[in-house]
Every structure is written in C-alpha cells, then in structure tokens.
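*Asks:* Pasting a structure here, questions to come.
The values are calculated or read from the model by the stated rules, or taken from the named source; none is laboratory data. Computed from a predicted structure; not experimentally measured. In this analysis, Cβ positions are derived from the backbone assuming ideal geometry, glycine residues included, and neighbour counts consider all displayed protein chains. Just the protein is used for accessible areas: all its heavy atoms, side chains included, with ligands, DNA and RNA removed. Shrake-Rupley method; radii C 1.70, N 1.55, O 1.52, S 1.80 Å.
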Amino acid sequence: MNARKGQLTYKKLSGFFIPLGFSASLTSITHVIINGTLSRGENAAFIIACYAVAFALFGIIERPIIVFRQTCSALVKDVRSFKVLSLFMVVPMVIIIVFSLIMAFSSLGDWVYMNLFNADANMVDTISDTFAIILFVIIFSGIRGLYQGVIINNLETKWLTIMVVIRLIIMFLVAYLFVYFDYITSLSGAILFLVGMFIECAISVWKGHGILKFSFPEKETNLKKGEIAKFYLPLVFYFVIQTILVPIIYVFLAKTHNIEMGIASFALAFSITQMLLSFFMYTHQLVLQMYEVNKQKVIRFIIFLSLLPTLALVILCYTPVGMWFMGEVMGADEELAMTTIVVMKFFIIKTLVFPWVDFLNGYLMLHRKTKRMAVAQIVNLVTVIVTVSMLVTFFPSWNGVNGSIAASLGELVALVIVLSIVMRMSARNKSPLRETS
C-alpha cells in the first residue's frame, strides 16, 4: 500500500504506534466515566454490583468477536478478502447473540448470575435487563474491530485515537445528562457503554469504508474461509485463556492468611500494571504492518518501547512517587498502599516480558501460526496454576505477592516457549530475523 512506500523511519514507526497506544490507554477511561456516573446513584453499591456482573459476563462473551481486529489486520489485503472475512464473522456473531439472548431472557442466565458470579436473587432481574442492553455492544464491537483492522492495515492509526476521544466526549455528555435528570441505574451504565461503542463503530465504518473504496485493491488475494478459521480459532482460544487467568489467581488467593488484603493488593497492583502495559497492547501490530519493511528498525524500536513500562513501575515501587500515587490517585490507605507496592515489585518481571511476548505473537500472526500462540498460552496457564497453588500452600502469609509471582512467572515461561518457536521458524526460513535490505 502507498503508506508503506519509502524508507521506514523511527518517526513513521512512532506515528504508527503511538496513536495505537493512546487509543488503548484512553479506552480505559470509558469505565471510569461509567463507574463515576453509577456511584452517584441512590443505591450506588447495588447499581454498580449489578452492572459489574453484566459487564463481567460481557467481557468473556466478547472475546471471540474482539479478535476480528487482529484477524482483519493480518489477513485482509484487498476488498475481496475483506468481504470473505465479513461473511465469516456472521457465524460467530449469530452464535454469540443467540447465546446472549438466552442468558438475558431465560432461567439459565439467572443460574449463571447467582452461582458463577455470586449475585443475590434480588439482583437477577436488574442484571438481566442490563445485560440485554450490553449484548448490543457486542454487535458494534465486532463491526468496529473489522473496520479498525482495515484502518490499521492502511497505517491510519491516528483515527483510532480520534474516535476514542470523540467517544469519551459524547459519553461524558450523556453521563452528565443522566446525573442532571437523576436517572442513574445499572441500565444507565449499559446505555453509556452502548452509546460509546456505537460512536466508535460509526466512525470506524465511515473511515474504514473510505479506505476500502479508495486505497485497497479490488482483488489481489484469494482468502478462503478455511484459512480464516485456522488463524481465528486459536486466537480466540488464546484470548479466552488470557481472560480466565486472573479469576483463577483470585480463587487461590482466597486461601491466603489475609484474604481481603491479599485479593485487594493483588487487584490494585494488577490494575496499575495493566494500565502501564495498555499502551503496549498493540506491539503485535508493529510486526504485522512494519516487520517485513525493515526488521532491524522494528526490533530496535521495540527494545526502546519495552523498557518504558518497566521504568514507570520501578519509579512507583522504589521512589516516594509510589506512596503518593497509591494514596492520592488510587485512594488506598497506608497499609493497603504499602502492601500493593510490594506486590507490584514482582510485576516488574511481567512489564519487561509482556511487550516481547506480544512482539513474538505478532511474528506468529504474520506467518499465520496462531495455533502455536495458543500452545504457549496453555503453558502460561498451567504455570500460573501450579505456581500459585504451591505458593499459597507453603507461603500463605505472602498474600497478594503469591499472585504477582505466579502471573509474572507464567508470562516469563510463555516468552521462553514463544521465543523457542520463533527461533525454530527463523532457522527454517533462513533467519528472517536478520535484516535483508
């Protein structure tokens, strides 16, 4: 494509990656706006709890849809392949919508809310009504991801930041209206989420359609549904495992000496770590879009990027900034703040490792070897379960630290597995990691 012509510079790399990072980081503000609105309700605890259960279920169900962004950016090279992928997406979309409708309007949903999410019986109706609205978010999320893959493919990543900013502004205005007219329920949170996703989806479709019409060739490849399935299904499996890792750690942390402090400190430390890493969630896109243009520059760029979240976490853990941040920004008391900082120290390993795992996963996506990504993620899951179970058995007094050690060790093992896979592939392909300019 025209955007890839010419010499690849660090300015171009930054211009591609930084807007992706900002869009990922800004998206997290969505939930700040929603929770901030719901906390102003009369029965805030009940309202937030009902919305949280509905959103937690959404987070699991959305996984098979959200990966169409990566699938599109990796496989779509022309208008024809986009149409093939769009038709392919209809099947999982219909399955998920049917399942969601069953959850929202049948007794199965009630059972899941009460038995898997520990909801009270008086919460069930509100959760069902909230989820009935949130399920429409899944539709817009899938369409958005599809067209964002096209936008990323054309290197127009600034539009991802623009659309997230517009989404947040409109959500803030709608939230203000909810507060002004004193209409704050769990449904308000779902409506806010739906409005935000609809806005981002509409802009994605508008921009993506323009790129398809004017920048993409009509027919260059002959993408088959079988090829899509081989790429897509392991990727879904990968992200589903990623989703259940943290809930599994919470289960084991319930066996520590101080359950509340163990879970609370781990939850805070994990959320802060993820906030720092959110900027680097799209490292794989650098590989998908830029790696074959200039391998060495992309690798050097990743080396620099990979140090930034670690540097930020080191500052939080080993300077007075950490206690200030925990108290003033996170609102934690002194005991929780100090405990959380200790837990975060072990997440430094994760911040060093994660950008490289995502980079190598990008290499596997580039070569359509997502099945091998899934293998590494399974090993990650097994490592986490074995490690955290042993730690809480022999060192229950370590509380939340057990969780951060297990999560970091799992990520480190995944890096070793993915790296060994990529190195074997590189040797077979006559060392594609070496610059061939």
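*Asks:* Take every Cα-Cα pair in segment 57-110 and report what % of them are more than 15 Å apart. Numbers along the way, then the final one.
*Replies:* Working: 780 of 1431 pairs.
Everything past 15 Å amounts to 55 percent.
*Asks:* A further question on this structure: Could you state the number of Å between the C-alpha centres of segment 103-126 and segment 350-382?
*Replies:* Here the answer is 35 Å between Cα centres.
*Asks:* Label the chain by shape, choosing from rounded, prolate and oblate, from the square roots a ≥ b ≥ c of the eigenvalues of the Cα gyration tensor; if a/c is under 1.5 it is rounded, and otherwise prolate applies when a/b is larger than b/c, oblate when it is not.
*Replies:* Values: a/c = 1.57, a/b = 1.18, b/c = 1.34.
Because a/c hits 1.5 or more and a/b fails to exceed b/c, the chain counts as oblate.
*Asks:* With the contact rule set at Cα under 8 Å and sequence spacing of 6 or more, what percent relative contact order holds for segment 328-437? Walk me through the numbers before you get to the answer.
*Replies:* Working: 81 pairs, mean separation 40.4, N = 110.
Reported relative contact order: 37 percent.
*Asks:* Per DSSP helix of 4 or more residues, -39500 (n - 2.57); summed, then divided by the residues of the chain. What does that give at 222 nm, rounded to the nearest 500? Can you show the working numbers first?
*Replies:* Numbers: 18 runs with 347 residues, N = 437.
One gets -27000 deg cm²/dmol as the mean residue ellipticity at 222 nm.
*Asks:* Which pairs, out of LYS11/LYS207; LYS158/LYS345; LYS255/LYS350; LYS83/LYS369; LYS225/LYS350, put more than 30 Å between their alpha-carbon atoms? Provide the component values of the computation, followed by the final result.
*Replies:* Values: LYS11/LYS207 23 Å; LYS158/LYS345 34 Å; LYS255/LYS350 23 Å; LYS83/LYS369 22 Å; LYS225/LYS350 36 Å.
Table pairs above 30 Å Cα-Cα are LYS158/LYS345; LYS225/LYS350.
*Asks:* Quick check: at a probe of 1.4 Å, how many percent of the accessible area of segment 43-137 sits on carbon and sulfur atoms?
*Replies:* Values: 2750 of 3900 Å².
Percent of accessible area from carbon and sulfur atoms in segment 43-137: 70.
*Asks:* Still on this structure, I have one more. Using the Kyte-Doolittle scale, find the helices of the chain whose mean hydropathy is at least 0.0 and whose Cα atoms extend 27 Å or more along the helix's long axis, counting only whole DSSP H runs.
*Replies:* Numbers: long enough: 79-105 (38 Å, 2.26); 124-153 (43 Å, 1.41); 158-180 (33 Å, 2.11); 186-214 (43 Å, 1.33); 225-253 (42 Å, 1.53); 295-318 (35 Å, 1.62); 334-366 (47 Å, 1.21); 370-394 (36 Å, 1.49); 400-428 (43 Å, 1.39).
The qualifying helices are 79-105, 124-153, 158-180, 186-214, 225-253, 295-318, 334-366, 370-394, 400-428.
*Asks:* With viscosity set to 1.002 mPa s at 20 °C, what whole-number translational diffusion coefficient in µm²/s follows for segment 199-315 from Stokes-Einstein and a Kirkwood radius over Cα pairs?
*Replies:* On the way: Rh = 18.7 Å.
For these conditions, the coefficient is 114 µm²/s.
*Asks:* Measuring from label point to label point, each 7 Å out along Cα→Cβ, what is the GLU220 to ALA427 span in nm?
*Replies:* 3.4
*Asks:* A follow-up question, please. LEU108 to HIS31: extension gain in nm, 0.36 nm per residue of separation minus the Cα-Cα distance? Each step should come with its number before you reach the end.
*Replies:* Working: separation 77, 0.36 × 77 = 27.72 nm, distance 2.72 nm.
Taking 0.36 nm per residue and subtracting the Cα distance, the gain is 25.0 nm.
*Asks:* Run the dipole for the chain about the Cα centre, Lys and Arg Cβ at +1, Asp and Glu Cβ at -1, nothing else charged, and hand back the magnitude in debye, nearest 20.
*Replies:* Charge dipole of the chain: 2680 debye, to the nearest 20.
*Asks:* Multiply the residue separation of VAL386 and GLU227 by 0.36 nm, subtract the distance between their alpha-carbon atoms, and state the gained length in nm to one decimal.
*Replies:* My answer for the length gained is 53.8 nm.
*Asks:* Per residue, what volume in Å³ does the convex hull of the Cα atoms of segment 86-134 enclose?
*Replies:* On the way: hull volume 3.5 nm³, N = 49.
In segment 86-134, the Cα convex hull volume per residue is 71 Å³.
*Asks:* Can you work out the FRET efficiency for the pair LYS77 and GLN296, with r the C-beta to C-beta distance and R0 = 25 Å, to the nearest 0.05?
*Replies:* On the way: r = 24 Å, r/R0 = 0.97.
The value I calculate is 0.55.
*Asks:* Test of understanding: what is the full-extension gain from TYR176 to MET323, defined as 0.36 nm times their sequence separation minus their Cα-Cα distance? Walk me through the intermediate numbers first.
*Replies:* Working: separation 147, 0.36 × 147 = 52.92 nm, distance 3.21 nm.
Separation in residues times 0.36 nm, less the Cα-Cα distance, equals 49.7 nm.
*Asks:* Tell me the per residue accessible area of the chain using a 1.4 Å probe; a whole number in Å² is fine. The partial results should precede the final answer.
*Replies:* Working: 19600 Å² over 437 residues.
Dividing the accessible area of the chain by its residue count gives 45 Å².
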